[in-house]
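Undergrad: Just passing along the structure, written as structure tokens.
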Amino acid sequence: MSNTRLALIALINAPVIIILLNAVWQLIAPRDPSKPPTVFHWLPIIGSAVGYGNDPLNFFLACREKYGDVFTFILFGRRVTVALGAKGNNFVLGGKSTVLNAEDAYTHLTTPVFGKDVVYDVPNEKFMEQKRFVKVGLSTENLRAYVGMIEDEVDEYMNTDANFRVYGMNDINDWGMFDVVSVLQEITILTASRTLQGKEVRSKLDKTFSQLYNDLDGGFTPLNFLFPNLPLESYRRRDRANVKMTEFYVDIIQKRRQAGADSDHDMIAALIKQTYRDGTPLKDHEIAHILIALLMAGQHTSSATGSWALLHIAENPDVGEALYQEQVKHFGTPDGNLRSMTYEELRELPVLDAVIRETLRLHPPIHSIMRYVRDDVSVPPSLAAPSKDGVFVVPKGYYVLASPSVSQMDPRVWKDAQRFDVSRWTDPDGVAAQAFKAYADENGEKIDYGFGAVSKGTESPYQPFGAGRHRCIGEQFAYLQLGTLISTMIRKVELRLKDPVPAHNYHTMIVMPKKPRTILYRRRKFD
Ligand code: HEM
């Protein structure tokens, strides 16, 4: 056989040889007992990306069976140590930001979308100040003003949008149908812009704004997380959209500044008045970039949660009826109508509350929360250890990952863990009540990371809004937005499901229902 032929055969077989060597090496190489076990993978570099990317929850559960609560997997060359369960959440989310760092994990994904000088583009202390500013914009006074605005928007949408006009106009018994994700995406942006983003943004929600939003959103995908700079059109569109969106917001901010005193209840009005601890006011581009960040942080999380909630309500007509009767009981008027709710009243509706909590338990929009390991860090032995006296150390340069999805659906913690069961939230001594208490207890342990005291909550198996210094600050707003939306919709229509509740689509940053996700509706009465 000629040398050329031999070389050709070697070249063709090289990938197979590399794969085999990689597999054999994992099986025979002596393992460093101080490091968490590494998940077996056939493909070098790519590692477990396919299994994790297609179905992270089942990937984690299968790995837990084999390796325990702490293990490392390879994700396109990155080494990611997963820490499962309530203790794992505590380890990752309760860690010091100097050791387990969010900026280093996320900035390559978020800064091109949000823009410079905010969120993960600044040191953690500065971001914590920015979170404090945003909390001013989410004051109870502002939230009170938002309920009526959201009600109006949902009313208007359901009275005028084609999704709700086609059916039920001739015969009250007609069933119409809509794609729940499309409808929820539209309602979420309409309600967020009318409230948080402000009247100028609401009045400009035209095709140009939607295009800019879509281009930004197209830069916020798992691909962007894995590969920060690819020569793709979507990356260039993202960058152009960030420049245009910044200009759009800066223009509004400057007009507001020129107009002087601002009595609006929105985020721009709040941010204009804020100053950092050293006395520096927020610059126009920083306000603009914070607004983009809030738009992106709230849009998919709320629209996904709202979609899953409506799917489950449609699947369980008794839940829909209980929600409707709760509205009648609290807001029914002598003439047979339903009056508007206040913010305080909305917070005192147990069925609605249970529906939102149960939806977030089964479908937390963020399945993986990551931090970059800046310094070697020991895993608490109560979480996992190589032996009775040893400790695992996660080396500098790794990532750590917590998955509230796993602890929220853990059959070891929750009875009938996979079942949508709102009644679990109404038992004051049940697991759900205990988990919620550990997460959000008003009277429990609080910590101030720089944006106001928050419940510690890092050890709860229920953490849909994260925990620790990076805990969500949009939680109250999201509850208000979802609660008002579900109530307003359930007042007008009955819902049924056309197909079974869809499976999770994990190929987007935020976990969405797979298609088809059609909901049938029938008007309760003509408006
Ligand atoms: C952080 C979930 C809505 C703004 C987070 C985190 C989670 C989360 C899990 C923690 C991320 C981490 O630790 O890396 C949710 C869910 C929502 C929701 C489930 C709705 C159902 C919103 C809304 C806003 C918002 C409406 C804005 C108005 C933020 C911000 C952070 C955050 C600013 C802080 C990020 C950090 O400190 O690193 N959210 N979110 N979220 N969320 Fe939300």
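The values are calculated or read from the model by the stated rules, or taken from the named source; none is laboratory data. Just so it is clear, the model here is predicted, and its values are computed rather than measured. No Cβ is skipped: glycine too gets one built from the backbone with ideal geometry, and neighbour counts run over all protein chains shown. Accessible surface is based on the protein model in full, side chains and every heavy atom, while ligands, DNA and RNA are left aside. Shrake-Rupley method; radii C 1.70, N 1.55, O 1.52, S 1.80 Å.
Undergrad: Report yes if some residue within region 281-294 is outside any helix (DSSP H, G or I) and open to solvent by less than 30 Å² (accessible area, probe 1.4 Å); otherwise report no.
TA: Within region 281-294, one or more residues are outside any helix (DSSP H, G or I) and open to solvent by less than 30 Å² (accessible area, probe 1.4 Å).
Undergrad: To continue, here is another question. For region 96-105, how many residues are open to solvent by 40 Å² or more (accessible area, probe 1.4 Å) and touching a helix residue (DSSP H, G or I) at 6+ places or on another chain (Cβ under 7 Å)?
TA: Number of matching residues: 0.
Undergrad: Residue by residue through region 42-66, note down the ones that are open to solvent by 20 Å² or more (accessible area, probe 1.4 Å) and part of a loop (DSSP other than H, G, I, E, B).
TA: Answer for region 42-66, where residues must be open to solvent by 20 Å² or more (accessible area, probe 1.4 Å) and part of a loop (DSSP other than H, G, I, E, B): Trp42, Leu43, Pro44, Ile45, Ile46, Asp55.
Undergrad: Look through Ser263, Ser303, Ser307 and report the one residue that is in a loop (DSSP other than H, G, I, E, B) and at negative phi.
TA: Ser263
Undergrad: Return yes or no: is Arg491 assigned to a helix (DSSP H, G or I), charged (D, E, K, R) and more than 9 Å from the ligand (Cβ to nearest atom)?
TA: It is true that Arg491 is assigned to a helix (DSSP H, G or I), charged (D, E, K, R) and more than 9 Å from the ligand (Cβ to nearest atom).
Undergrad: Quick check: anything in region 469-478 more than 17 Å from Ala354 (Cβ to Cβ) and more than 13 Å from the ligand (Cβ to nearest atom)?
TA: No, every residue in region 469-478 fails to be more than 17 Å from Ala354 (Cβ to Cβ) and more than 13 Å from the ligand (Cβ to nearest atom).
Undergrad: I would also like to ask the following. Do we have Tyr399 as over 19 Å from Asp353 (Cα atoms), within 20 Å of the chain's Cα centre (by Cα), crowded, with 17+ Cβ neighbours inside 10 Å and within 14 Å of the ligand (Cβ to nearest atom) here?
TA: yes
Undergrad: So, in region 347-369, of the ones that are within 19 Å of Val147 (Cβ to Cβ) and open to solvent by less than 20 Å² (accessible area, probe 1.4 Å), which residue ends up farthest from the ligand (Cβ to nearest atom)?
TA: Leu349
Undergrad: Name the residues in region 431-461 that are farther than 22 Å from Leu383 by Cα and aromatic (Phe, Trp, Tyr), would you?
TA: Selection gives Tyr449, Phe451.
Undergrad: Shifting gears a bit: If only one of Val147, Val82 is over 18 Å from Gln26 (Cβ atoms) and at pLDDT 95 or above, which one is it?
TA: When all the criteria are applied, what remains is Val147.
Undergrad: Shifting gears a bit: So, of the residues in region 131-165 that are charged (D, E, K, R) and open to solvent by less than 70 Å² (accessible area, probe 1.4 Å), which turns out to be nearest to the ligand (Cβ to nearest atom)?
TA: The qualifying residue nearest to the ligand (Cβ to nearest atom) is Lys131.
Undergrad: Restricting attention to region 494-520, which residues are closer than 12 Å to Leu310 by Cα and part of a strand (DSSP E or B)?
TA: Glu494, Leu495, Arg496, Leu497, Pro513, Thr518, Ile519, Leu520
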